[in-house]
1. List the lysines whose alpha-carbon lies under 16 Å from that of K79, not counting same-chain residues fewer than 8 positions away?
2. Hey, fewest Cβ within 10 Å first, where do H11, H85 land in order?
3. What does the net charge come to around A185 if you take all other residues with beta carbon closer than 13 Å to its beta carbon, with K and R at +1 and D and E at -1?
4. Listing L32, L147, L206 from the residue with the fewest other Cβ atoms within 10 Å to the one with the most, what is the order?
5. So for each of 185-196, 55-66 I average, over its residues, the number of other beta carbons within 10 Å; can you give me the resulting order with the highest mean first?
6. Between Rg and the Kirkwood Rh of region 127-211, both from Cα atoms, what is the Rg to Rh ratio?
7. Which ordering of T204, T131, T156 is given by a fewest-first count of other beta-carbon atoms within 10 Å?
Amino acid sequence: MSQEEAKARRHRRQVRAIRSFFVRLFSLALVLYILLGHIVGLLIMPNGDMYPRMDAGDLILFYRIDRNPKAQDVIVMEKAVNPDHSALTVSGDRPEPGIIRKALTFLGFRDPDAPETQTFVCRVVGAPGDTVEVSEEKGLVVNGNALMEPQIFYRTKPYEGFMQYPVTLGADEYFVMADFRNGGADSRFFGPVSEDEIKGIVITILRRNNL
């Protein structure tokens with residue numbers, strides 16, 4: 001074998017090695033995108049609304065595929081709200097998005113015509129078809145029964161000037177509450193949450209002080 005042939009063979013091996021590296025890198029990036037973008041999600045808890053179960057800065061892992069939570073599930077959601085956390089009313093009917101816009105939304109790009117949203121982490125206390133009431137005397141009442149919540153350490157009271165009770169939930173609506181009931185942002189401010197506003201159900205929590 002001549003020197004030129006040996007040099008050409010080494011060059012081909014190097015090209016194959018580089019090509020193989022980038023193929024593996026692309027495959028890894030694709031797997032991570034599918035896993036973290038459409039199957040599970042990671043979120044840093046933005047505030048103390050779920051204290052003491054979660055605190056600001058905790059890392060939350062949530063399951064994106066299941067968006068039909070049960071009562072007492074903790075969910076991650078995005079909701080368009082006013083600065084005071086009251087429900088944002090969008091005037092006019094938005095046109096049905098086209099195929100390209102739907103595809104971009106699925107890939108994780110934000111719809112520029114959609115209102116700005118905030119991320120919330122809350123506990124589901126009412127499911128579709130339930131009738132929910134929050135009163136000074138009885139606290140949280142679902143379907144006529146005052147709920148005992150041993151994991152909640154704060155008294156549940158209504159927020160004056162926001163929701164009118166009782167509230168009967170529609171086919172794809174959920175009533176959610178923060179575990180920190182004294183000021184936590186939840187359905188007492190912005191009303192029921194629709195199924196398409198739910199991003200996933202919390203699987204596990206990594207405490208900030210253990211990271």
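A short reminder: the numbers here are calculations on the coordinates, not readings from a lab. Note that the structure is a prediction, hence the values are computed from the model and not measured. Cβ sites come from the backbone with ideal geometry, for glycine too, and all protein chains shown count toward neighbours.
1. The reachable lysines, counting only those whose Cα sits under 16 Å from K79, are K199.
2. Working: H11 10, H85 19.
Going from least to most buried by this count: H11, H85.
3. On the way: positive: K79, R123, R181, R188; negative: D49, E78, D84, D179, D186.
The answer is -1.
4. On the way: L32 10, L147 17, L206 13.
Placing the least packed residue first, the sequence is L32, L206, L147.
5. Values: 185-196: 20.6, 55-66: 16.2.
Ranking the peptides 185-196, 55-66 by packing returns 185-196, 55-66.
6. A ratio of 1.00.
7. On the way: T204 9, T131 15, T156 20.
So the ranking, lowest neighbour count to highest, is T204, T131, T156.
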